[in-house]
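Participant: Can you keep this structure in mind? I'll have questions shortly.
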Amino acid sequence: MTEYTCIGCGVAVQTENPNELGYAPPSSLNKETLICQRCFRLKHYNEVQDVSLTDDDFLKILNGLGTMDGLIVKIVDIFDFNGSWLPGLHRFVGKNPILLIGNKEDLLPKSVKRAKLTNWMKQQAKQLGLQPVDVLLVSATKGHSIDEAMEAIDHYREGKDVYVVGCTNVGKSTFINRIIKNVTGENDVITTSHFPGTTLDMIEIPLSDGSALIDTPGIINHHQMAHFVHKKDLKVITPKKEIKPTIFQLNEGQTLFFGGLARLDYLTGGRRSLVCYVSNELKIHRTKVDNADQLYEKHVGDMLQPPRKNDLDEFPQLIRHEFMIKEGKTDIVFSGLGWVTINEPGAKIAAYVPKGVNVMIRPSLI
C-alpha cells in the first residue's frame, strides 16, 4: 500500500475520515502535488482548521516548545476559563515568555469591565502557576481587539517565532484566521511548510521578517462538558452570543437542574439569590431537593435535556460534590457549561456533574 504525505505539513494523508488529521479526498491522490484538506483550506481560503491530538502528542508538543526560542501565545476561552486552561504549560516552555489571551469576550455581559476582567485573569493565572508577560481580551469571531493583540505579539516576540497553543474549542484557529486576514487581506496565498523535527501537524505561517507564526493542534481537555454531549447538543451548551444571566431567589432545600447535564442543590444559608451564567439555549428547572432524584430519573432525556433519550445509555451518572462558601462573591464552575454566582459567604451547596467533568469554586469573575 502506497503511503502518501502532505507536501504542506508533512502529515500522513488518509482518505477515509474528513474530520481526522491528514484527510484528502481520494481524487486528489492522482495529483502531482498532494496536500491535505487542512493545508488546502489554508492555502486557498486563508483558513486554519483545528485538529485534535492525543495526550501523548500533546506532551511531545509541550516538550518541544521548551527547546524552541520564541513567544508562546496561550489562548483560553473566557467563558470557560478553568475548563480551557492548559495545566502545567509553564513547566514545559522553558524561559520562553507567555502571552495570555482570553477569547470570546463578546459572550460576557456588556456590564463587565474589561480592566476588572484582565485583573481577574492575572490573579487566576498566578494561582495556577503562570506568570504571563501580559493578559489581553479579544473576540476572534467579532474581530474585537485583534489589532491590539497583534501589536502585543509583535512587541513581545522580539523578532522570534510565535507558537499559538490552546485546547480544543477555545477559538484558536479563528484567532489565527483573523490575524491572517488582517495582515494579508483576503487574497494573498499563505503557504504552509512542514515544522521540522516532529511528525505532528503544526502549521507555519510566514511573517514578514523571516520568522513564523506556528499553529499547534488543539489539545483535548477531557474534563470539559463538550466531551460528554452529542455533537448536535454542543450548540445548546456553547453560547454564540452575549449570555443573559438568570437570577433565582432560592430557599434552603431547593435545586436547579441545567438540562440533564448538571444539578445544584442549595442546602443551607437562608433565602438568597443565585445568578446563573450559562448558554441562553440551556433550560434551567427549579425543584425541591427532596424531589430532585425522582424528577431526574423520570424526566432526564425529555424535560431535562440535553442529554437526549437516545444518548442516555452512554451518558455517565451524575457525581455529587459538596462545597461550603466561606468567602465573598464566589462562582461554582461547571467545566464547559458555565457557572453560578453566590454573592455572600455562608452557603452550603452540592453540585452534581457527569463522572469525569470538573466542578470547582473560584473568586467571582463578574
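The values are calculated or read from the model by the stated rules, or taken from the named source; none is laboratory data. Bear in mind that the values here come from a model prediction, so they are computed numbers and not experimental data. So basically every Cβ, Gly included, is an ideal-geometry build from the backbone, and we count neighbours across all protein chains shown. All accessible areas refer to the heavy atoms of the entire protein, side chains included, with ligands and DNA or RNA removed. Shrake-Rupley method; radii C 1.70, N 1.55, O 1.52, S 1.80 Å.
Yes/no matrix, rows are residues, columns are (1) of a type in the set (D, E); (2) within 21 Å of G70 (Cβ to Cβ); (3) open to solvent by less than 40 Å² (accessible area, probe 1.4 Å); (4) in contact with a strand residue (DSSP E or B) (Cβ under 7 Å, 6 or more places away or on another chain):
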{"site": "I98", "(1), (2), (3), (4)": "no, yes, yes, yes"}
{"site": "K110", "(1), (2), (3), (4)": "no, no, no, no"}
{"site": "A115", "(1), (2), (3), (4)": "no, no, no, no"}
{"site": "M121", "(1), (2), (3), (4)": "no, no, yes, yes"}
{"site": "L128", "(1), (2), (3), (4)": "no, no, no, no"}
{"site": "L137", "(1), (2), (3), (4)": "no, no, yes, yes"}
{"site": "S145", "(1), (2), (3), (4)": "no, no, yes, yes"}
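Participant: Something else now. Just one of (1) open to solvent by 40 Å² or more (accessible area, probe 1.4 Å); (2) farther than 30 Å from D106 by Cα trips up N358, so point out which.
Facilitator: For N358, the failing item is (2).
Participant: Give the residue that is farthest from M225 (Cα to Cα), with candidates limited to residues of the range 59-82 that are part of a loop (DSSP other than H, G, I, E, B) and open to solvent by 10 Å² or more (accessible area, probe 1.4 Å).
Facilitator: D69
Participant: Turning to a different aspect of this structure: Please list, ordered by residue number, the strands (runs of 3 or more DSSP E) wholly in the range 197-288 having 3 or more residues that are out of contact with any strand residue (DSSP E or B) (no Cβ under 8 Å at 6 or more places or on another chain) and over 27 Å from V112 (Cα atoms).
Facilitator: none
Participant: So, of the residues in the range 25-50 that are open to solvent by less than 20 Å² (accessible area, probe 1.4 Å) and within 27 Å of the chain's Cα centre (by Cα), which turns out to be modelled with the highest pLDDT?
Facilitator: The extreme case among them is C36.
Participant: Restricting to the range 236-291, name every residue that is over 21 Å from P306 (Cα atoms), among the hydroxyl-bearing types (S, T, Y) and open to solvent by less than 10 Å² (accessible area, probe 1.4 Å).
Facilitator: Result: Y266, single match.
Participant: Name every residue in the range 267-284 that is closer than 30 Å to K240 by Cα and not small (G, A, S), in order of residue number.
Facilitator: Within the range 267-284, R272, L274, V275, C276, Y277, V278, N280, E281, L282, K283, I284 meet the criteria.
Participant: Kindly evaluate W85 against the criterion of being crowded, with 17+ Cβ neighbours inside 10 Å and not in a loop (DSSP other than H, G, I, E, B).
Facilitator: no
Participant: Considering only the range 297-322, how many residues are closer than 17 Å to L267 by Cβ and either among the hydroxyl-bearing types (S, T, Y) or open to solvent by 70 Å² or more (accessible area, probe 1.4 Å) (or both)?
Facilitator: Matching residues across the range 297-322 total 2.
Participant: Can we say P206 is under 26 Å from C39 (Cβ atoms), modelled with pLDDT under 85 and open to solvent by 30 Å² or more (accessible area, probe 1.4 Å)?
Facilitator: yes
Participant: Follow-up question, since we're still on this one. Which residue pairs have Cβ atoms closer than 7 Å, lie 6 or more positions apart in sequence or on different chains, and pair a first residue in the range 132-145 that is touching a residue at least 40 places away in the same chain (Cβ under 8 Å) with a second residue that is open to solvent by 30 Å² or more (accessible area, probe 1.4 Å) and basic (K, R)?
Facilitator: Once the first residue is touching a residue at least 40 places away in the same chain (Cβ under 8 Å) and sits in the range 132-145, its partners that are open to solvent by 30 Å² or more (accessible area, probe 1.4 Å) and basic (K, R) give L137/R114.
Participant: If you don't mind, another one. Can L234 be described as without any contact (Cβ under 8 Å) to a residue 60 or more places away in the chain, among the hydrophobic types (A, V, I, L, M, F, W, C) and farther than 28 Å from M324 by Cα?
Facilitator: Criteria met by L234.
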